[in-house]
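What follows is one structure encoded as structure tokens, with my remarks underneath.
Nothing in this text is a laboratory measurement; each read-out follows from the coordinates by a stated rule. Keep in mind the model is a prediction, meaning the values are calculated, not measured. Glycine also receives a Cβ, built like all others from the backbone with ideal geometry; neighbour counts cover every protein chain displayed.
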Amino acid sequence: KHFKDSRHASEAQTNITNRNKESSLPQKQLLVFAVLILQYTTMAAANLTNLRSIARVVKGQKMKEGAGVMICRTVGTGALRNMDPYLMLDELKLPAKAAFAGFPDHPHRGFETCSIMLEGQMEHRDSQGNHGIIGPGGVQWMTAGRGIIHSEMPRGTDGMLWGFQLWINLPRKDKMCKPRYQDYQKSDIPVVGAPDSGCSVRVMAGRHGGVEGPIRMRNPGLLMDVRLGPGGSFVQEVPQGWNGFAYVYDGEGLICGSRAQPEHALVLGPGDHVVASAPAAAAAAAAGAGGNSSSSTGGSGLRFLLIAGQPIGEPIVQHGPFVMNTEQEIYEAFRDYQTGRLQNPSDNPWQAEEL
């Protein structure tokens, strides 16, 4: 009897082992399906029924900023002057040694900036000696408020310098608030999903998959770095009434049914959510063989920034680095800058102000 029981136990263990082997084969596919189910369950739970269309596609324009550093601008050009609350988006992508002159001392008033680094390091330093360094994967959210004078300079000349700077308007009530820095390194930014799942999302601000980003905004919005592998897909709620866009920085695919390619901003139309997908590896390879792919990833996925926020709906009067509501306020900003009163020495930009 003991032998018979042992034989049955052995057979049972063998069956379990075989089933485990069989079930391990499609683990990657199961993970992808699980992510998709989670995304669509979340979408259904939020009662998202109105897919946003792409209202327009804006190709980036190359130009020089700072001390002659080449950038690619989409928002903030003649093709897309402003998109309330967003004023500008630049992509910086070049060898670090070609950007060594950086962006020397310059003023800001009346808005916020967000610097996002993918590769390389950038150091920011203001007129009161406050400074910080953003490394690969890091983000700095700077509320200029009533005034900041600072520089942004590359650290080192080796490798690539690749990142973005976004300008975000402030409502009238906050334009003269105390300046604030929020510096976050790569390890501070939560990631939802994983490369093996076909979709990973770095949540810098807003919520995705139940995870909230660390950036604290004065005006409601979201900011995400979405990375899709071959065959990957993505769904995200973008509240009705918000303005937004996706900026593609690598790869190719579809965003809300429209073709997505690098150095293009896809402006979102009305609706309550967005979707994106990257072609499967076989389809991407076929497209590349046909000479239709300009992606630096060689058709291995899609990477883009998703940026959206609640419009402010106030007059915008902008003169270079000053963004106010009236011409008189612009004159006052210039006067304060010329007389050395733009940045208040008593302001501590590392200390949060009660909102």
Notebook entry, point to check: Equivalent-ellipsoid semi-axes (√(5λ), Cα gyration tensor) for the stretch 124-254, whole Å, largest first?
Noted result: 28, 21, 13
Notebook entry, point to check: Between Glu353 and Ala281, what is the label-to-label distance in nm when each label sits 7 Å out along the Cα-to-Cβ direction?
Noted result: 5.2 nm
Checklist line | Against the rule of thumb 2.2 N^0.38 Å, how large the Cα Rg of the stretch 134-200 comes out | finding: 1.45
Next item on the list: Determine the gain in length on full extension of the stretch Val211-Glu65; use 0.36 nm per residue of separation and subtract their C-alpha separation, reporting nm with one decimal.
Entry: 49.0 nm
Item checked: Within the stretch 322-355, GluC sites (Glu not before Pro) in DSSP loop having at most 14 other beta-carbon neighbours inside 10 Å -> Glu354
Notebook entry, point to check: How would you rank 307-314, 232-239, highest first, on the average number of other Cβ atoms within 10 Å across their residues?
Noted result: 232-239, 307-314
Next item on the list: State, as an integer percentage, the relative contact order of the stretch 134-226 based on alpha-carbon contacts under 8 Å between residues 6 or more apart.
Entry: 28 percent
Item checked: Inter-probe distance in nm under a simple model that places probes 7 Å from Cα toward Cβ, at Lys173 and Gln310 -> 0.9 nm
